[in-house]
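Engineer: One structure, pasted below without further comment.
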């Protein structure tokens, strides 16, 4: 976070600059890569500054319905914080993961098994990136454990 000292006569103020969001806009289907392996099915829809992800058919393998923002350039050993608001009209579980976006798709320091209820809740997680591939990292949600809708808004990923 960049801070600037501003002097106006006798008073001094510290102005803090917001950290840069490393993600693309949350409420844009073009920002997300939705993956659904048959026979599982999933979809994404942007509406009212939110993104809705739906797992409409599942097959018992959690990652057969998943959605990620890709091509992230995370740095080995750096700390990052991901924040978002989440709800589900279906009261469903989901997983938040950061991974590399090339074979073997291993996780890079973030995996949270979570639950979304009917009302929006703020989530925030800080992690240290480990095992990254520069320019080939991804962060998102694994939804294939159960059918239902997950609604996300205001998602950010910032470097600490």
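Engineer: Test residue 108 against the criterion of being under 20 Å from residue 43 (Cα atoms) and either in contact with a strand residue (DSSP E or B) (Cβ under 9 Å, 6 or more places away or on another chain) or not in a strand (DSSP E or B) (or both), and give yes or no.
Structural biologist: no
Engineer: Additional query: Quick one: count up the residues across the range 27-56 that are without any contact (Cβ under 8 Å) to a residue 24 or more places away in the chain and on the phi > 0 side of the Ramachandran plot.
Structural biologist: Of the residues in that region, 1 qualify.
Engineer: So which residues in the range 126-143 are crowded, with 17+ Cβ neighbours inside 10 Å and either part of a strand (DSSP E or B) or out of contact with any strand residue (DSSP E or B) (no Cβ under 6 Å at 6 or more places or on another chain) (or both), if there are any at all?
Structural biologist: 127, 137, 138, 139, 140, 141, 142
Engineer: Which numbered condition in (1) surrounded by fewer than 13 Cβ atoms within 10 Å (Cβ to Cβ); (2) part of a strand (DSSP E or B); (3) modelled with pLDDT of 95 or more; (4) more than 15 Å from the chain's Cα centre (by Cα) is the only one that residue 71 fails?
Structural biologist: Single failed check for residue 71: (4).
Engineer: Out of 122, 76, 113, 146, report the one residue that is part of a strand (DSSP E or B) and in contact (Cβ under 8 Å) with a residue 24 or more places away in the chain.
Structural biologist: None of the others qualify; the one that does is 122.
For (1) closer than 22 Å to residue 138 by Cα; (2) at pLDDT below 95; (3) buried (at least 17 other Cβ atoms within 10 Å of the Cβ); (4) over 20 Å from the mean Cα position of the chain (by Cα), each residue gets a yes or a no:
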{"position": "7", "(1), (2), (3), (4)": "no, yes, no, yes"}
{"position": "10", "(1), (2), (3), (4)": "no, yes, no, yes"}
{"position": "36", "(1), (2), (3), (4)": "yes, no, yes, no"}
{"position": "39", "(1), (2), (3), (4)": "no, no, no, yes"}
{"position": "45", "(1), (2), (3), (4)": "yes, no, no, no"}
{"position": "48", "(1), (2), (3), (4)": "no, yes, no, no"}
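Engineer: Which residue, of 76, 103, 122, 146, is within 22 Å of residue 22 (Cβ to Cβ), surrounded by fewer than 16 Cβ atoms within 10 Å (Cβ to Cβ) and more than 16 Å from the chain's Cα centre (by Cα)?
Structural biologist: Every option except 76 fails the conditions.
The values are calculated or read from the model by the stated rules, or taken from the named source; none is laboratory data. Everything numeric here is computed off the predicted structure, so don't read it as measured data. Cβ: placed from backbone, ideal geometry, glycine included. Neighbour counts: every protein chain shown.
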